[in-house]
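Once you've had a glance at the structure underneath, I'll fire off some questions.
What follows draws every value from the coordinates through simple rules; no lab data is involved. Computed from a predicted structure; not experimentally measured. In this analysis, Cβ positions are derived from the backbone assuming ideal geometry, glycine residues included, and neighbour counts consider all displayed protein chains.
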Amino acid sequence: MYYPYFIAYMLSGFVISLIVLFWALRHGQFRDQKRLRFLPLADEPDPGSATRVTRMNRWEGFVLLGLACAGLATTAAVLFFTLYRW
Amino acid sequence: MAATADTIFDQHLTARAFSLTSAFWFAFATSIGMVAAGYLIAPDFMANIPYLQFGRIRPIHVNLVLFGFVTPGLLAAAHYYVPRLLRTDLFSQKLGLMSVILWNVAVVSAVVSLSTGHSQGREYAELIWPVDMLVIVSFALVVLNLLMTVRRRKEPVLYVSIWYACAAVILTALTFSLGNVIWRPDTGALLGIPDAILLWFYGHNVFGLLLTPLTLGLAYYVIPIVTRNPLYSHTLSLIGFWSLLVVYTHIGTHHLLQVPVPTWLKVVATVDSVAMVIPVMVFLINIWYTAKGKLGEIHADIAGKFIFTGTIFYFFVSIQGSIMALPQVQRITHFNNWVIAHSHLGVLGFAGLSALGGLYYILPKITGKPLYSRFLADLQYWLVLIGIVGFTVVLTIAGLVQGNSWFAGETLYRTLPEIHSYYVVRLSIGLFIALAAYIGLYNVIRTIYFNPGEEA
């Protein structure tokens, strides 16, 4: 057979995933979803100890957004360019 | 009784050891990367030193970044948040410490074996069999520790970060064993095309099923805490998790579209590469909605800042990945510096920044003291950010120059003078990243061992 290895590879991943999925279904892992949203917050310090937000922090956010927009524009331009060549 | 810094210090031995591992190898790996970048400008750079030949340096850089820096950084965070989310202690700190020691033995062995020319010559799977076995045993110890922690949990339902962390280590233990063909110790390879197919299943999955789930798990833990918002939707996060498992596991053949592998496999790989938009956007929508209106708070927290920026890079690297799998686009973008830009965007921009964020999140928690220097961490953030953006821009342009030249029928050697200047800029930008790595190492060591700060 020409490609038994990657079929074995894909099947092993698939079988493990199925076993875990059935375990999760049987053990109620898809219940209580609303409570789970709050789980990371459960043992954190009170909000009063939060780091103070400065004007600089807000500007950093805007700089990051600007970078993201520039990246998006560049990605679109490159996609157009490569397809246009074709 | 409130925990003192000393008791906290003892409780988090494994996370601390993985943190130091990550910080140290980040500095080492970027230094090696600088040497490799030097070769691209001057091919006879250090040519008389056989241990530092480009063919040896390059896999050392790649393996160190993967197994020395990013994975241990993400595992450090996982060894902190997994017990927290399960409301229990880590199964065994001694086992954890043993896994870190073995992990470092594996990484050192990788450096020594590759620099002395012992390589299996398969990209991302260069390590020889004994080193492969060390990596597998290290992973097995981590899997055992995390799964036993899950077994002893007091929280009955698993938060999505637990799913991601466990999937990452279990699937990678499997992926690594199969991808490195460990049942053939002499070559670590199959013959012909089946080997190429298997290699790229491994080559893609070692990133997609190790770094991606560990990073997403970390983001799902830290972003709600930093923003003090509950996760937007836990159900959505589970949909993202399961769709990632379904879609990601068989897209590796998009590296082989120019190779005579079966067409149906190329189609599966390409279609699922595009389908990756589903798990990616599910994650990003969930995290960005969680962070909605809290950009200021995120940037006020050093860990939040690193990890949130990582999510933005995840968006770009994933969009790129889906687009690059299209044969028409790949005609221009494959086999050139575009791919190097893409891999740096993913490993450093997405997973690396997030790993650093994870370290900065857990360091105050595992030492009981505040971070030694917020300023140095900020400086590191901006140096890495400038570095990765600069890297991406320069290498993308160089890649397009190369791709278009070859597409137009130009010979390879005639393109080299055209991209030389880009390589010079690349090395210069690399200095930012190397400097950032050493600053981070200093900050981590000072935070853990020589921290004058008040107990938190």
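In Å and from the alpha-carbon atoms only, list the Rg and Dmax of the protein assembly as shown.
Taking only Cα atoms of the protein assembly as shown, I get Rg and Dmax of 22.3, 74 Å.
Separate question: Lysines within cross-link reach of residue B:294: Cα-Cα under 24 Å, excluding same-chain residues under 8 positions apart?
List returned: A:34, B:305, B:365.
Another question about this same structure. Quick one: what Rg and Dmax do you get for the stretch B:74-115 from the alpha carbons, in Å?
13.6, 44
Another question, if that's okay. What length, rounded to one decimal in nm, is gained on full extension from residue B:445 through to residue B:152, with 0.36 nm per residue of separation minus their alpha-carbon distance? Mind showing how you got there, number by number?
Details: separation 293, 0.36 × 293 = 105.48 nm, distance 3.22 nm.
Extending this stretch completely gives an extra 102.3 nm.
Sorting B:84, A:26, B:331 on the 10 Å Cβ count, fewest up front, what's the list?
Least crowded to most crowded, the residues run A:26, B:331, B:84.
Follow-up. So what J values fall out for the stretch B:430-445 if you push phi through Karplus, 6.51 cos²θ - 1.76 cosθ + 1.60 with θ = phi - 60°, rounded to Hz, Gly and Pro as x?
Coupling constants for the stretch B:430-445: x, 4, 4, 5, 5, 4, 4, 5, 5, 4, x, 4, 4, 5, 5, 5 Hz.
Kindly give the semi-axes, whole Å and largest first, of the ellipsoid equivalent to the stretch B:123-204, taking each as the square root of 5 times a Cα gyration tensor eigenvalue.
Semi-axes (√(5λ), whole Å): 30, 14, 8.
Residues with amide H under 5 Å of residue B:120's amide H, sequence separation 5 or more or different chain, H placed in the peptide plane at 1.01 Å from N; which?
Amide H to amide H, under 5 Å and 5 or more residues apart or across chains, residue B:120 pairs with B:127, B:128.
Fewest first, what order do B:232, A:84, B:159 take by the number of other Cβ atoms within 10 Å?
In increasing order of surrounding Cβ atoms, one gets A:84, B:232, B:159.
What is the set of long-range amide H partners of residue B:159 at a cut-off below 5 Å, with H atoms built 1.01 Å from backbone N?
none
On the first, second and third principal axes, largest extent first, how far apart are the outermost C-alpha atoms of the stretch B:340-456 in Å?
Per principal axis, max minus min of the Cα coordinates gives 65, 20, 16 Å.
Also, I was wondering about something else. When the helix-only estimate is applied to the protein assembly as shown (DSSP H runs of n ≥ 4, each -39,500 (n - 2.57), divided by the residue count), what is the mean residue ellipticity at 222 nm, nearest 500 deg cm²/dmol?
Values: 22 runs with 390 residues, N = 542.
Per the formula, -24500 deg cm²/dmol.
Please compute the contact order of chain B in relative form: average sequence separation of alpha-carbon pairs under 8 Å and at least six residues apart, divided by the residue count, as a percent.
19 percent
Using 1/(1 + (r/R0)^6) with R0 = 25 angstrom and r between the beta carbons of residue B:375 and residue A:73, what's the FRET efficiency to the nearest 0.05?
Approximately 0.15, to the nearest 0.05.
Something else now. Assigning unit charges at the beta carbon (Lys, Arg +1; Asp, Glu -1) and nothing else, what dipole magnitude in debye, to the nearest 20, does the protein assembly as shown show about its Cα centre? Don't jump to the answer; show the numbers that get you there.
Working: 33 positive and 23 negative charges, 188 e Å.
That gives a dipole near 900 debye.
In nm, to one decimal, how far is the residue B:49 label point from the residue B:182 one, both placed 7 Å along Cα→Cβ?
Here the modelled spin labels are 3.3 nm apart.
Averaging sequence separations of C-alpha pairs under 8 Å and six or more residues apart, then dividing by the length of the stretch B:22-144, give the relative contact order as a whole percent.
Averaging sequence separation for qualifying contacts and normalising by length gives 28 percent for the stretch B:22-144.
Can I ask one more? Compute and list, largest first, the equivalent-ellipsoid semi-axes of the stretch B:5-449 from the alpha carbon gyration tensor, each √(5λ) rounded to a whole angstrom.
Semi-axes (√(5λ), whole Å): 32, 24, 23.
Now for a separate question. Step through the residues of the stretch B:279-295 one at a time and calculate ³J(HN,Hα) from phi using the Karplus curve (6.51 cos²θ - 1.76 cosθ + 1.60, θ = phi - 60°), rounding each to whole Hz and writing x for Gly and Pro.
x, 5, 6, 4, 5, 5, 4, 5, 6, 5, 5, 4, 8, 3, x, 10, 4
In whole Hz, with x marking every Gly and Pro, tabulate ³J(HN,Hα) for the stretch B:372-381 from phi via Karplus 6.51 cos²θ - 1.76 cosθ + 1.60, θ = phi - 60°.
Coupling constants for the stretch B:372-381: 4, 9, 5, 4, 5, 5, 4, 4, 4, 4 Hz.
Please compute the length gained on full extension between residue A:41 and residue A:21, using 0.36 nm multiplied by the number of residues separating them and subtracting their Cα-Cα distance. Mind dumping the intermediate values first?
Details: separation 20, 0.36 × 20 = 7.20 nm, distance 2.65 nm.
Extra length from residue A:41 to residue A:21 when fully extended: 4.6 nm.
With a bin width of 5 angstrom, please list the P(r) values of the stretch B:1-115 as percents of all Cα-Cα pairs, from the 0 bin to the one holding the largest distance.
Answer for the stretch B:1-115: a P(r) of 2, 12, 18, 18, 14, 11, 8, 6, 5, 3, 2, 0, 0 percent.
Let me ask you something else. Taking neighbour Cβ counts within 10 Å as the exposure measure, how do B:94, B:266 sort from fewest upward? Intermediate values should be presented prior to the final figure.
Details: B:94 11, B:266 18.
By the 10 Å Cβ count, ascending, the order reads B:94, B:266.
While we're here: Quick one: P(r) of the stretch B:162-310 from all Cα-Cα pairs, 10 Å bins, percents rounded to integers, in order of increasing distance.
So the P(r) values, bin by bin, are 11, 34, 29, 17, 8, 1.
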